[in-house]
Amino acid sequence: MMISSAASLLRRGAARRAVQSTAGAVSAASTTKKASVPHSFFRSMNSASTIVEDDDSDYGFGKSVPDNKIPEEFIEEGEETIGEWTGCTRKFLAPLSVSQSGSEILNNPLFNKFTAFKSGERDRLHFRGLLPPRRVNMKIQKERVLQEIRAEPSMIRKHIILEDVHDRNETLYHRILVDHMVEMAPIIYTPTVGQACKEFAMRYRRPRGMYFCEEDRGHMAAMVYNWPEKDVHVIVVTDGSRILGLGDLGCNGMGIPIGKLSLYCAAGGIAPHRVLPVVIDVGTDNEELLNDKFYLGVQKPRLQGSKYYHLVDEFIQAVRHRWPNVLIQFEDFSSDKAQKLLNKYRDDILCFNDDIQGT
């Protein structure tokens with residue numbers, strides 16, 4: 001079955017940024033925020049003529065033609081203003097093929113659009129009657145969430161509201177981030193994410209990402225196939241040993257990969273189903289967590305020496321076996337481990353340490 005989701009939304013957002021940053025760039029797959037093609041999209045940088053990608057035209061592919069040969073109707077296609085398509089475009093967007101249907105889609109945040117599903121989608125995907133009858137598009141859903149966020153004075157409460165959206169409707173979540181990045185970035189990442197990590201166990205609601213620990217040694221090659229997505233492009237992994245300025249937060253450090261990948265999806269245009277947040281849980285030396293009955297991670301002192309590095313190495317080999325071209329970003333590893341890991345893998349695999357090579 002086919003469904004338009006956050007992935008197509010972010011492909012549109014990435015294309016829009018490419019058009020804005022490079023005048024005259026021509027790409028058959030590019031669209032804009034409103035799924036319309038501005039005139040500057042067709043115009044070359046050094047000429048008043050136009051480049052068209054149309055093998056069937058009289059001028060041929062890539063040849064210059066006068067601007068007046070392109071009908072105005074093809075340059076702009078606005079959004080619909082009436083009916084269930086209000087605020088949307090009928091312009092072609094490549095759909096995603098999904099094996100789920102009915103309530104399975106409504107319970108999958110990656111594909112769920114809540115009340116924004118149109119009548120054709122409700123019939124095709126078998127959940128007519130499972131949603132309220134009125135179709136409320138993404139624009140109105142976004143306004144409702146923004147109103148709730150802006151009425152809340154607490155940054156951590158804002159974070160919780162936004163992550164609740166993340167857990168039930170990723171299309172809406174990324175629409176909010178794409179349209180309001182300056183306002184939302186401090187909510188989903190620094191400085192708020194530090195407090196969110198400290199409270200991770202207490203507010204844990206829904207699984208997100210993967211966890212690897214010493215008990216998984218010898219099983220990781222099979223474990224990675226438990227992740228449902230087949231086309232992972234970016235993994236952000238932490239061992240929770242140096243979370244921002246807070247130190248050892250162990251398993252609670254999962255908030256960092258989740259927040260970082262949300263930024264990559266919204267600002268970098270990576271489709272949400274192609275990212276994977278990971279925690280390698282090697283224990284914790286934080287006495288408070290070792291004695292916390294609500295803590296969700298391994299309540300043992302941190303692994304050291306060869307046991308630590310062998311565990312990390314098995315993880316690296318396992319994810320690269322399933323996704324050979326994946327980018328692995330090491331995030332918030334303690335300084336005594338971070339450089340050693342980077343030195344071992346940097347020349348052999350696609351990897352990056354944000355704390356050493358980035359910030």
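The values are calculated or read from the model by the stated rules, or taken from the named source; none is laboratory data. Keep in mind the model is a prediction, meaning the values are calculated, not measured. Neighbour counts run over all protein chains shown; Cβ positions are idealised from the backbone, glycine included. Surface accessibility is based on the protein's heavy atoms, side chains included, excluding ligands, DNA and RNA. Shrake-Rupley method; radii C 1.70, N 1.55, O 1.52, S 1.80 Å.
Descriptive notes on the structure:
- The simple Förster model, with R0 at 51 Å and r as the Cβ-Cβ distance, assigns Glu77 and Asp354 a FRET efficiency of 0.80.
- Per-residue surface analysis assigns Thr81 an accessible area of about 110 Å², computed on protein heavy atoms at 1.4 Å probe radius.
- Under the Karplus curve 6.51 cos²θ - 1.76 cosθ + 1.60, θ = phi - 60°, whole-Hz ³J(HN,Hα) for the range 300-316, x wherever Gly or Pro sits: 9, x, 4, 5, 9, x, 5, 4, 5, 5, 5, 5, 4, 5, 5, 4, 4
- For the range 272-359, the solvent-accessible area works out to 50 Å² per residue, with a probe of 1.4 Å and every protein chain left in place.
- Segment Lys230-Glu104, length gained on full extension (0.36 nm per residue, minus Cα span): 43.5 nm
- Convex hull volume per residue, computed on the Cα atoms of the range 154-305, equals 121 Å³.
- Long-range amide H partners of Asp281 with built H, under 5 Å: Phe212, Cys213
- For the set Trp227, Trp85, the ranking by accessible area, highest first and with no ligand, DNA or RNA atoms included, is Trp85, Trp227 under a 1.4 Å probe.
- Using the Cβ-Cβ distance between Leu96 and Asp123 with R0 = 25 Å, the FRET efficiency computed as 1/(1 + (r/R0)^6) comes to roughly 0.90.
- Here the range 166-229 exposes an accessible surface that is 55 percent carbon and sulfur, computed with a 1.4 Å probe and the other protein chains kept in place.
- Within the shell of other residues whose beta carbon sits under 14 angstrom from the beta carbon of Gly218, the net charge comes to -3, with Lys and Arg scored +1 and Asp and Glu -1.
- Inter-label distance for His321 and Lys139, nm, one decimal - labels placed 7 Å from Cα along Cα-to-Cβ: 5.1 nm
- Taking N as its residue count, the alpha carbon Rg of the range 292-352 over 2.2 N^0.38 Å: 1.28
- Förster radius 45 Å - calculated FRET efficiency between Glu215 and Met181 (Cβ-Cβ, nearest 0.05): 0.70
- Convex hull volume of the Cα atoms of the range 90-158, normalised per residue: 130 Å³.
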